Amino acid sequence: MSISYLNGEWQAVEEAKISVLDRGFLFGDGVYEVIPVYKKKPFTLDLHLKRLNDSLKEIKLSNPRTTQEWTDLIMEGIERSGEQNAALYLQITRGADTKRNFVYPEKVVHTVFMMVSAASILERKVIKPYHFITLEDFRWNKGHIKSISLIAAGMIKNEAITQGADDAVLIKNGKVTECSAANIFIVLNGALITPPKSKYLLQGITRDQIIKVAISGGIKVEEREITPEELKQADEMFMTRSTHEAWPVGSLDGKPIGNGEAGVVWQEVDRLFQALKSEADS
Ligand code: PDD
């Protein structure tokens, strides 16, 4: 069951309403997190709450709750949803002002919104590699902020779909950044490679967990720039995202990557990641 929380009220998601003067609605003035929930437990919650705090700091919006208050709210949301495996969406905006005004209001009453929805994909019954294309990364230079202003991501995702693909690998200034809403990894010459953290991409929490388990499993990991040429030569490719974990990519711009199936390095990091999840659960 999908459940939502809006400024103190619990209700069905379709029932939740905000003011048209909400700065989130008018300006996309807010930040968000998507937290995976396994067996009713939020996974890597501390890292998501830290990134939420970092995003709030970047947009100069105070954090309306303490870590304990967020934890309590999140646990209540999971409990009320009744879901085992879920995606928990949390959004904070700078709230409603008395008129449309680019200047931040002096007194902010935050809008706090949360919804918990079933995420059957996290049960991972079928793993079918995605098809990606490459597109120009025309987004802004504050990609490390998990901002709700997501029109560029929507444009990219929909362009990929129009071209018959699932998503795009993005190229900015001749370097790979990430995907519309996921980080990217390639396997090349035996190394697992992902672009370094920068203001051009979101510092994905799944990305960091995958790097951690890969290193622990003896896989050579490189956090470095990837050129479009290297992307074409990749033996394997996968994306990482809280709602998908690590997910293989079978083709790029219509050409198969490796044999087009999930690769051996992906299989190994996925195995290690599943083990990490089980550890977190015990
Ligand atoms: N998106 N890069 C971008 C631009 C993203 O929007 C996301 C996540 C990621 C992966 O981050 P993480 O591993 O912490 O989920 C990378 C979320 C899930 C979304 O917008 O739905």
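The values are calculated or read from the model by the stated rules, or taken from the named source; none is laboratory data. These figures come from a predicted structure and were not determined experimentally. Counting neighbours? That spans all protein chains shown, and the Cβs are built from the backbone with ideal geometry, glycine included. Accessible surface areas use protein heavy atoms only, side chains included; no ligands, DNA or RNA. Shrake-Rupley method; radii C 1.70, N 1.55, O 1.52, S 1.80 Å.
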- Note on the structure: For segment 26-53, the count of residues that are in a helix (DSSP H, G or I) and in contact (Cβ under 8 Å) with a residue 24 or more places away in the chain equals 7
- In segment 178-275, which strands (runs of 3 or more DSSP E) lie fully inside it and hold 1 or more residues that are open to solvent by 50 Å² or more (accessible area, probe 1.4 Å)? 221-223, 236-241
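To keep it simple, each residue is scored yes or no on (1) away from the ligand (no atom under 13 Å from the Cβ); (2) over 13 Å from V116 (Cβ atoms); (3) crowded, with 21+ Cβ neighbours inside 10 Å.
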{"position": "M1", "(1), (2), (3)": "yes, no, no"}
{"position": "G8", "(1), (2), (3)": "yes, yes, no"}
{"position": "E14", "(1), (2), (3)": "yes, yes, no"}
{"position": "I18", "(1), (2), (3)": "yes, yes, no"}
{"position": "G24", "(1), (2), (3)": "yes, yes, yes"}
{"position": "V31", "(1), (2), (3)": "no, yes, yes"}
{"position": "V34", "(1), (2), (3)": "no, no, no"}
{"position": "K41", "(1), (2), (3)": "yes, no, no"}
{"position": "H48", "(1), (2), (3)": "no, yes, yes"}
- Residues located in segment 109-144, provided they are within 16 Å of the ligand (Cβ to nearest atom), surrounded by 18 or more Cβ atoms within 10 Å (Cβ to Cβ) and in a loop (DSSP other than H, G, I, E, B): A119, D137, R139, G143
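For V264, indicate whether it is away from the ligand (no atom under 16 Å from the Cβ), among the aliphatic types (A, V, I, L, M) and assigned by TED's automatic domain parsing to the domain that holds T162.
Working: away from the ligand (no atom under 16 Å from the Cβ): yes; among the aliphatic types (A, V, I, L, M): yes; assigned by TED's automatic domain parsing to the domain that holds T162: yes.
Judged against the criteria, V264 is a match.
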